[in-house]
Amino acid sequence: HRHLLGIAGLNHLEITALLDKAEEAVKVSQQTEKKKAVLKGRTQINLFFEASTRTQSSFELAGKRLGADVMNMAVKNSAVSKGETLLDTALTLNAMHPDILVVRHAAAGAPQLLARKVGCAVINAGDGAHEHPTQALLDALTIRRHKGSIQNLVVAICGDILHSRVARSNIILLNAMGAEVRLIAPSTLLPADVEALGVKVFRDMRKGLDGTDVVMMLRLQLERMSGAFVPSVREYFHFYGLDEDKLQNASEDAIVMHPGPMNRGVEIDSSVADSGRSVIREQVEMGVAVRMAVIETLAENACKFNDKGE
Ligand code: CP
């Protein structure tokens, strides 16, 4: 592949190869000397049209640890504020010969559009409610490190599935790797195409959590809701917030995940988020490693495409 636009289109072997490569990157990140020179001379541009803490900083660190020159485009201070379009902005940056363009945008399909127009590798860092492929890969790496394998695990994804690109990428990845995927959410927070996703759906959180190996919580994306569709936070936490009591329904050794940013007391109680079962900080650590693996793989692929004159 020239780009990473989504988990859709990656097979079991390709996902496993990326996770294996990320394991090597974990070791690099844990050393005192964290820098490799494999991407020396390459240029990576991070173009984030939506806010980010984890994804942007880990893409920056990942590129730098591989030896690339990394530029973070300050979108708010750019000519975007003067009306320049996404495409014109990308084509302008493309004229400076980057090798990797990392894009986050509120519109589903924005990275796909850019991939057709620019000459470098494009990585989707989250597009609307569509996909967030590196999040699913870092979640998979975290799960694999705790459970050994993803195959046959029971994974519950809980909360605001409707607005979640994280959920969509995880569903595709976990299905490809042979896990049983359960979605736990009220009907108002499930997408219309939920039946086609290859999942089991639960409205009752205690029943959905029964015997699960992995509990993946999602942020309630209140900023994407309006009017009658905004739930009462107190009621939401009562039915769908993960607390110690509801977590007792999961397997004894179940791990608790959250992609961040967390809304404590809304979808997750602090006593669970900060407990020994939470792997939330480890997910962040795996984020740097997975992004190193993706960037390095796409840089290697670019050389192969160029060798073939494509
Ligand atoms: N998980 C995630 O995408 O976090 P950020 O929005 O902080 O990048």
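Is the C-alpha gyration tensor of region 98-235 telling us rounded, prolate or oblate? Criteria: a/c under 1.5 is rounded; beyond that, a/b larger than b/c is prolate, otherwise oblate.
Details: a/c = 2.29, a/b = 1.26, b/c = 1.82.
Here region 98-235 falls in the oblate category.
Please go through the residue pairs LYS27/LYS82; LYS82/LYS117; LYS35/LYS147; LYS21/LYS76; LYS36/LYS304; LYS35/LYS200 and name each one whose alpha carbons sit more than 32 Å apart in this structure.
Values: LYS27/LYS82 44 Å; LYS82/LYS117 22 Å; LYS35/LYS147 29 Å; LYS21/LYS76 34 Å; LYS36/LYS304 21 Å; LYS35/LYS200 43 Å.
Too far apart for the 32 Å limit: LYS27/LYS82; LYS21/LYS76; LYS35/LYS200.
Which percent of the Cα-Cα distances in the chain go past 36 Å? All intermediate terms of the calculation are to be shown ahead of the outcome.
Working: 8236 of 47895 pairs.
Tail fraction, whole percent: 17.
Any idea what the alpha-carbon Rg over 2.2 N^0.38 Å comes to for region 80-159? If you can, show how the numbers build up before the last one.
Numbers: Rg = 16.6 Å, N = 80, 2.2 N^0.38 = 11.6 Å.
In units of the globular-protein estimate, region 80-159 measures up at 1.43.
Could you name the aspartates and glutamates whose alpha carbon sits less than 15 Å from that of LYS40, not counting residues in the same chain fewer than 8 places away?
Those aspartates and glutamates meeting the cut-off are GLU60, ASP69, ASP99, GLU296, GLU300.
In the chain, what percentage of the DSSP-assigned beta bridges are antiparallel, given to the nearest 5?
Details: 1 of 35 bridges.
DSSP beta bridges in the chain are roughly 5 percent antiparallel.
When ranked by the protection proxy of mean other Cβ atoms within 10 Å per residue, highest first, what sequence do the peptides 62-68, 146-152, 116-122 form? Spell out each step's value before the answer.
Details: 62-68: 22.4, 146-152: 14.3, 116-122: 18.0.
Put in order of decreasing packing, that is 62-68, 116-122, 146-152.
Quick check: at a probe of 1.4 Å, how many percent of the accessible area of the chain sits on carbon and sulfur atoms?
Details: 7080 of 13750 Å².
C and S atoms contribute 52 percent here.
Looking at region 219-295, which GluC sites (Glu not before Pro) are DSSP coil and have at most 13 other C-beta atoms within 10 Å of their C-beta? Kindly include the intermediate steps, with their values, before the conclusion.
Details: sites: GLU223, GLU235, GLU244, GLU252, GLU267, GLU282, GLU285; in loops: GLU252, GLU267.
Loop-located and lightly packed - GLU252.
Can you tell me how much longer the chain between GLN30 and MET225 gets when fully stretched, taken as 0.36 nm per residue apart minus their C-alpha distance, in nm with one decimal? Working shown, then result.
On the way: separation 195, 0.36 × 195 = 70.20 nm, distance 4.03 nm.
Fully extending the segment from GLN30 to MET225 adds 66.2 nm.
How large is the accessible surface per residue of region 213-260, computed with a 1.4 Å probe and reported in Å² as a whole number?
Details: 2460 Å² over 48 residues.
Dividing the accessible area of region 213-260 by its residue count gives 51 Å².
Rolling a 1.4 angstrom probe over the protein heavy atoms, how many square angstrom per residue are accessible across region 79-185? Present the calculation step by step, with values, prior to reporting the outcome.
Numbers: 3450 Å² over 107 residues.
Ligands and nucleic acids excluded, the result is 32 Å² per residue.
Which of the peptides 236-243, 209-216, 165-172, 133-140 is most tightly packed, and how do the rest follow, judged by the mean count of other Cβ atoms within 10 Å per residue? Write out the running numbers ahead of the final one.
Values: 236-243: 19.4, 209-216: 21.9, 165-172: 25.0, 133-140: 28.0.
Top to bottom by mean Cβ count within 10 Å: 133-140, 165-172, 209-216, 236-243.
I'd like the orientation of helix 165-176 relative to the chain: the angle between its Cα long axis and the longest Cα principal axis, in ° from 0 to 90, rounded to 10.
90
For region 1-123, just the Cα set please: Rg and Dmax, both in angstrom.
15.2, 45
DSSP loop trypsin sites (Lys or Arg not before Pro) in region 205-310 with at most 14 other Cβ atoms within 10 Å of their Cβ, which ones? Display every interim value, and only then the final one.
On the way: sites: ARG206, LYS207, ARG219, ARG224, ARG234, LYS246, ARG264, ARG277, ARG281, ARG291, LYS304, LYS308; in loops: ARG219, ARG277, LYS308.
Those satisfying the criteria are LYS308.
Just to be sure I understand the model, the point goes 7 Å from the Cα along the line to the Cβ. What's the resulting SER149 to ARG277 distance in nm?
In this crude label model, SER149 to ARG277 measures out at 2.5 nm.
Tell me, what are the semi-axes, in whole angstrom and largest first, of the equivalent ellipsoid of region 239-292 as set by the roots of 5 times the Cα gyration tensor eigenvalues? Walk me through the numbers before you get to the answer.
Values: eigenvalues 95, 35, 13 Å².
The answer is 22, 13, 8 Å, longest axis first.
Can you give the Rg/Rh ratio of region 162-216, where Rg is from the C-alpha atoms and Rh is the Kirkwood radius?
Numbers: Rg = 10.7 Å, Rh = 11.6 Å.
When Rh is taken as the Kirkwood radius, the ratio is 0.92.
What is the set of long-range amide H partners of VAL102 at a cut-off below 5 Å, with H atoms built 1.01 Å from backbone N?
ILE45, ASN46, LEU47, ILE123
Quick check on region 151-310: what does the Kirkwood estimate of hydrodynamic radius come out to from the alpha carbon pairs, in Å?
Details: mean 1/r = 0.0593 Å⁻¹.
With all distinct Cα pairs of region 151-310 included, I get 16.9 Å.
The values are calculated or read from the model by the stated rules, or taken from the named source; none is laboratory data. Predicted model only: the values in this text are computed from it and were never measured. With ideal geometry, Cβ positions are generated from the backbone for all residues, glycine too; neighbour counts draw on all protein chains shown. Remember, those area values only see protein heavy atoms, side chains included, never the ligands or the DNA or RNA. Shrake-Rupley method; radii C 1.70, N 1.55, O 1.52, S 1.80 Å.
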